[in-house]
Amino acid sequence: MIVDVALPIPVMKTFSYAVPEPLKPAIVPYLRIRVPFHNRLRTGVITGIREETDDTLKAVDDLVDLFPVVDDTLMELGLWAARYYLVPVGLVFKYILPSNLNLDPLLTIRTDEKEAEKMKNLSLKKAVKTFGRAEAGMFFRQGKISLHGVAGHPFLPLVSGDIPVTRKEDNCLFIGDVQNRLDYYIEAIDRQISDRKSVLMLLPDRHGSGAHFRKALTRVFGDRVLWYGTGMTNRSRAEHFLRVREGEGYVILGNKSCVFLPIANMGLVVVERHEEDEYRNEEGFKFNAVSVALKRADLAGVPAIVGSAAPSVEMYQYAKDYRFSVRKEQWLLDPAWRERMAVPDLFSSNQFLEELIPIIKEGQERGERIAVFTPRKDYGSYLLCHSCKKPLLCPSCEGVVGYHKEEGRLTCITCGKSVPYEERCGHCNSNIIRFSRIGAEYVVEKLTELFPGLRIVKVTGDSLRAETTGIRKASVGSPMVMVGTQSLSKLYGCRVDKLVLFGWEGLRKMGGYRSDERMLQILINLVDALTPGKTIFLMERRRKIDISGYGEPDQFYGEELLKRRDAEFPPFTRIFLIEVHATSGEAGKESVRMIEEVLHREGVEEALSGVMKTEKSGKRWRLILRGTSEELLTALTSIYTLRGVQIEADPLTI
């Protein structure tokens, strides 16, 4: 017997191994096994089985599981994700079944068979250590022992996912404010729990909006609500893995990793604020948890609810294409919402504090809470030498850098490279450096100097966890200023008297083709979470924009979709970003030439819409391909094998 094994390495192929005689009865597809690879043992997943022999092959070392701990539907989902995101299937399976997922200590052996008496009431871990996995596996397959989880439930192979399922409810895109979304979710979840079915719900984070929804759902469903994701110990993760696999009627909350959980009797998938970047997984393999969750609902034949105050343009079109029912709460069309918007006289960036100080001073006297939004979390960006008027640029790609004063570093906005900040110009050696495009660090520092007795809190992705609890517990009537980025929009229940947006219109230069969409989402989500009594826009003269269209969702999405269709951008095509990291400029040029050759050979050269050298040495290049995954799959698979080449499907921005 020969098995094909997917290993967790960045290689687009499987590896073949011979199966020793004692292990043959246990071999089934999608079982985790341990195999030798490059002088070490690696854990892989069986993707194929052949009744053949080959004495030249290395042998399988041992089993990791007695049977697959996930079902066919999840493995089909993994295979789909590998094709859709162009990732080796071994890396996908590693994410679905990570090496730190150790179930053996939590499984107890029960038996009434005399032959297996020696294993009775032992943990599977101890039984395997004492008698070997092959013997434990033999007893299990013969029915002489049974395994039981932490709650005493039998631990059995999952039912195959190919059982026909009849969907009783339609998919739904729900557009409305947070309370209406929450009420709709609870009503839909309650129907599933009453029918002893479980619900998978994705949340964009754990400490901001995630904590708000988790608390609200726990009030209704109690200990039926489980979190699976960041902040868990390996043991807690394994315990929750077993509970949702063995039990029914749970509400499983999480961010990314929970989309591959083997949930028994799942009846519904819910995604809250699908447009958030946090759903993009960057570790293991790059994927969007929202897309995977919707595909999972489709494979399982269960309905999906996608809720947001400001859905993405892609989701708006996706709902049309896949016949989602669309429910809209017209809260943005309320005249009172418009009346609370204010655009004062415009000013230049260096007058920002002069405009903000009276607002803060008045708020302090009245005991108000004020939130100040700025697109950047750093101290400032676009550093310029006062003497020679030349900008300070990234030493690698010559991109614009941002200054993080707290860390004393410069970070490139384009390539992400970080270097220590030296207060001198690389062109003329002057130490007189100025900057524009100020961020949250700068605003907090200046307001702290001007208002020493006022509580001023910085709220960014880095500080959200530390500050959220204190902000929510702050007494009403106690003045406070929260300065932050879009993380402010996750503070549900933290109502403010005034919301000040400084530099919001600058997002138009930061979001690529999604800039207008991001502006809409940030504005609406800030208002949705903070419910400000008044919203004040502080805009620079040269960047003034009309805010009236942002309260008309149908009009906005209609116009944006027309522009996207004409320009051949998502959702009407997919984008694949190819990055070349070469050892020299000549090697970089050669890699680009080889990529173009592959595209020509496969007849998809028209998909190439951009080639850019991102490092002045010529060692790094970026290429952009546009098209469907079906059209480009063969070409992209060939390109993936080239040395120093990385491919990212559906990049956040280009």
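The values are calculated or read from the model by the stated rules, or taken from the named source; none is laboratory data. All values derive from a computational prediction rather than experimental measurement. Note that we place each Cβ from the backbone using ideal geometry, even for glycine, and neighbour counts take in every protein chain shown. Please note that ligands, DNA and RNA were not included when accessible areas were found on the heavy atoms of the full protein model with its side chains. Shrake-Rupley method; radii C 1.70, N 1.55, O 1.52, S 1.80 Å.
Tabulated data
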{"item": "Exclusive hit being in a strand (DSSP E or B), surrounded by fewer than 20 Cβ atoms within 10 Å (Cβ to Cβ) and not acidic (Asp, Glu), set GLY610, GLY603, GLY618", "result": "GLY610"}
{"item": "Complete set of residues in region 563-611 that are charged (D, E, K, R) and either at positive phi or touching a His at 6+ places or on another chain (Cβ under 7 Å) (or both)", "result": "GLU568"}
{"item": "Pairs where the first residue, in region 173-193, is of a type in the set (Asp, Glu) and the second is assigned to a helix (DSSP H, G or I), C-beta under 7 Å, 6+ apart", "result": "ASP177/TRP331; ASP177/ASP528"}
{"item": "Search result, residues across region 415-470 that are open to solvent by 60 Å² or more (accessible area, probe 1.4 Å), of a type in the set (Gly, Ala, Ser) and in contact with a Cys (Cβ under 9 Å, 6 or more places away or on another chain)", "result": "GLY426"}
{"item": "Residue satisfying all of: in region 38-57; open to solvent by less than 70 Å² (accessible area, probe 1.4 Å) and among the charged types (D, E, K, R); modelled with the lowest pLDDT among these", "result": "ASP54"}
{"item": "Given (1) under 18 Å from ARG83 (Cα atoms); (2) out of contact with any helix residue (DSSP H, G or I) (no Cβ under 7 Å at 6 or more places or on another chain); (3) buried (at least 17 other Cβ atoms within 10 Å of the Cβ), number of the condition THR641 does not satisfy", "result": "(3)"}
{"item": "Subset tally (residues that are aromatic (Phe, Trp, Tyr) and either closer than 16 Å to ARG622 by Cα or in a helix (DSSP H, G or I) (or both)) for region 547-600", "result": "4"}
{"item": "Unique match (being surrounded by fewer than 24 Cβ atoms within 10 Å (Cβ to Cβ), modelled with pLDDT of 95 or more and over 18 Å from SER209 (Cβ atoms)) among VAL326, VAL292", "result": "VAL292"}
{"item": "Selection from region 396-414 of residues that are open to solvent by less than 70 Å² (accessible area, probe 1.4 Å) and either out of contact with any Ser or Thr (no Cβ under 8 Å at 6 or more places or on another chain) or polar (S, T, N, Q) (or both)", "result": "SER396, GLY408, THR411"}
{"item": "Count of region 593-613 residues which are under 30 Å from GLY399 (Cα atoms) and either small (Gly, Ala, Ser) or within 26 Å of the chain's Cα centre (by Cα) (or both)", "result": "3"}
{"item": "Subset of region 232-257 that is touching a helix residue (DSSP H, G or I) at 6+ places or on another chain (Cβ under 9 Å) and among the small types (Gly, Ala, Ser) - its residue that is farthest from PHE155 (Cα to Cα)", "result": "GLY254"}
{"item": "Among (1) exposed (fewer than 15 other Cβ atoms within 10 Å of the Cβ); (2) under 35 Å from the mean Cα position of the chain (by Cα); (3) farther than 23 Å from TYR640 by Cα; (4) of a type outside the set (S, T, N, Q) - the single one VAL35 does not satisfy", "result": "(1)"}
{"item": "So ASP65, is it touching a strand residue (DSSP E or B) at 6+ places or on another chain (Cβ under 7 Å) and acidic (Asp, Glu)", "result": "yes"}
{"item": "Of all residues in region 396-437 being basic (Lys, Arg) and in contact with a Pro (Cβ under 9 Å, 6 or more places away or on another chain), the one that is nearest to MET612 (Cα to Cα)", "result": "LYS417"}
{"item": "Selection status of ILE9, touching a Lys or Arg at 6+ places or on another chain (Cβ under 9 Å) and part of a strand (DSSP E or B)", "result": "no"}
{"item": "Which numbered condition PHE285 fails, given (1) at pLDDT below 90; (2) under 20 Å from the mean Cα position of the chain (by Cα); (3) open to solvent by 20 Å² or more (accessible area, probe 1.4 Å)", "result": "(3)"}
{"item": "Residue list for region 387-438, restricted to those being assigned to a loop (DSSP other than H, G, I, E, B), of a type in the set (A, V, I, L, M, F, W, C) and either closer than 30 Å to THR583 by Cα or under 27 Å from the mean Cα position of the chain (by Cα) (or both)", "result": "LEU392, CYS394, CYS397, ILE413, CYS415, CYS425"}
{"item": "Residues of region 634-654 satisfying the condition of being within 24 Å of the chain's Cα centre (by Cα) and either assigned to a loop (DSSP other than H, G, I, E, B) or at pLDDT below 90 (or both)", "result": "ASP650, PRO651, LEU652, THR653, ILE654"}
{"item": "Tabulated pairs, region 502-520, first touching a residue at least 60 places away in the same chain (Cβ under 8 Å), second assigned to a strand (DSSP E or B) and open to solvent by 30 Å² or more (accessible area, probe 1.4 Å), C-beta under 8 angstrom, 6+ apart or interchain", "result": "GLY503/ARG437; GLY506/ARG437"}
{"item": "Condition met for ASP61 (open to solvent by 30 Å² or more (accessible area, probe 1.4 Å) and over 29 Å from PHE287 (Cβ atoms))", "result": "yes"}
{"item": "Filter result (open to solvent by less than 10 Å² (accessible area, probe 1.4 Å) and either farther than 21 Å from ILE360 by Cβ or not hydrophobic (A, V, I, L, M, F, W, C) (or both)) within region 524-536", "result": "ILE524, ASN525, ASP528, PRO532, THR535"}
{"item": "Evaluation of ARG369 against (1) open to solvent by 40 Å² or more (accessible area, probe 1.4 Å); (2) more than 18 Å from GLU505 (Cα to Cα); (3) at pLDDT 75 or above; (4) among the basic types (Lys, Arg) (one fails), failing number", "result": "(1)"}
